[in-house]
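Some notes on the structure that comes next.
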Amino acid sequence: MTIRIIADSASDLPKDFFESEMIDLIPLKVLFGDTEYEDMVTINSSQVYDAMRSGEVVKTSQASPVFMKDLFTKVAKNGETAIYVAFSSELSGTYQTAVLMQNEVLEEYPELDLTIIDSKCASLGYGLVVKRAAEMASGGASKEELLSVVNDDIHHMEHVFTVDNLDYLARGGRVSKASAFVGGLLNIKPLLHMEDGKLIPLEKIRGRKKVLRRMVEVMRDRNGFNTSGQRIGISHGDDLATAEALKEMIKESCGCDDFTITSIGSAVGAHAGPGTIALFFLNGKKA
């Protein structure tokens with residue numbers, strides 16, 4: 001029996017991927033104005049970026065507990081084996097809520113065969129983990145094989161990203177308003193990464209081109225093995241041209257030829273803002 005894969009909208013995979021691979025989508029919530037939306041269902045990232053550019057304050061919240069419980073109940077009733085790879089628990093309460101809903105369903109259906117994994121990843125770094133899980137499931141991998149590979153990828157997935165406008169990070173409390181103001185005046189672009197599921201500032205670089213070059217350098221420094229056979233992820237905040245430019249820089253520098261490029265979805269983009277560029281790869285510690 002094929003293992004059922006579940007993921008949430010913070011994975012930044014396109015909706016047609018969920019549909020074609022028959023992956024269950026758990027949408028996070030997006031709020032602005034007086035309306036609450038379901039990410040990827042009743043709103044898309046372009047609408048969110050347009051709202052942010054017009055001055056709207058966009059907020060997000062975790063996925064619906066009721067939605068999760070209904071989905072997990074369906075898994076139990078169908079007698080299926082399912083794996084939910086969830087958005088980093090350091091960035092959202094969705095993982096914790098999923099575990100609570102799993103326990104509630106287990107009270108009624110003790111035979112529920114559901115494994116929930118804290119990906120400690122975000123955006124397309126998370127999405128690449130989900131893609132690997134979907135490929136293995138469709139290829140007939142066992143639950144044990146799939147979990148082994150997924151957990152290994154999670155442990156070695158690197159996230160390196162920059163934002164175009166510090167104001168959006170300031171609104172979310174990631175940087176101070178004073179730092180955002182000064183950074184804007186000086187054209188300072190922060191370089192950030194993830195450590196154990198948390199966003200961590202790495203460096204401050206002056207100028208967009210310089211920060212992109214530095215992203216490639218960081219990838220080379222952390223990779224340490226033949227990158228040509230690796231799938232590289234690039235996600236962008238409504239800035240495909242810059243994502244493609246970064247891709248060409250990586251191809252020229254590292255010889256990679258397997259890229260996945262997607263737009264940063266509403267759940268992540270609402271905090272990072274338009275113009276964000278993110279790079280994802282497996283580090284050189286991976287055997």
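Among the residues of region 202-223, those identified as assigned to a strand (DSSP E or B) and either surrounded by 13 or more Cβ atoms within 10 Å (Cβ to Cβ) or in contact with a Phe, Trp or Tyr (Cβ under 7 Å, 6 or more places away or on another chain) (or both) are 202, 203, 204, 205.
Scanning region 165-200 for residues that are at pLDDT 80 or above and open to solvent by 60 Å² or more (accessible area, probe 1.4 Å) turns up 195, 196, 198.
Residues that are closer than 21 Å to residue 195 by Cα and within 13 Å of the chain's Cα centre (by Cα): which strands (runs of 3 or more DSSP E) entirely in region 228-287 hold 2 or more of them?
Hits in region 228-287: 231-236, 277-282.
Within region 23-43, being assigned to a loop (DSSP other than H, G, I, E, B), open to solvent by less than 10 Å² (accessible area, probe 1.4 Å) and among the hydrophobic types (A, V, I, L, M, F, W, C) holds for one residue alone: 28. Number of residues in region 111-135 that are touching a helix residue (DSSP H, G or I) at 6+ places or on another chain (Cβ under 9 Å) and either open to solvent by 40 Å² or more (accessible area, probe 1.4 Å) or aromatic (Phe, Trp, Tyr) (or both): the value is 5. When 11, 61, 20, 46 are screened for being open to solvent by 30 Å² or more (accessible area, probe 1.4 Å), under 23 Å from residue 139 (Cα atoms) and of a type in the set (Gly, Ala, Ser), only 20 passes.
For residue 213, the requirement of being modelled with pLDDT of 90 or more and over 28 Å from residue 43 (Cβ atoms) is met.
So which residues in region 64-79 are among the hydrophobic types (A, V, I, L, M, F, W, C) and open to solvent by 30 Å² or more (accessible area, probe 1.4 Å)? Within region 64-79, 66, 67 qualify.
For the residues 55, 79, 93, the requirement of being within 19 Å of residue 237 (Cα to Cα) and not assigned by the TED database to the domain that holds residue 270 singles out 55. Residue 6 fulfils the conditions (1) more than 20 Å from residue 72 (Cβ to Cβ); (2) open to solvent by less than 40 Å² (accessible area, probe 1.4 Å) except for a single criterion, (1). Of the residues making up region 91-116, those that are among the polar types (S, T, N, Q) and more than 22 Å from the chain's Cα centre (by Cα) are 102, 103.
Only a single item in (1) over 30 Å from residue 264 (Cα atoms); (2) surrounded by fewer than 21 Cβ atoms within 10 Å (Cβ to Cβ) is not met by residue 99, and it is number (1).
The values are calculated or read from the model by the stated rules, or taken from the named source; none is laboratory data. Just so it is clear, the structure is predicted and the values come from calculations on it, not from any experiment. Cβ sites come from the backbone with ideal geometry, for glycine too, and all protein chains shown count toward neighbours. The protein model used for the area step is the full one, side chains on, heavy atoms only, and it has no ligands, DNA or RNA in it. Shrake-Rupley method; radii C 1.70, N 1.55, O 1.52, S 1.80 Å.
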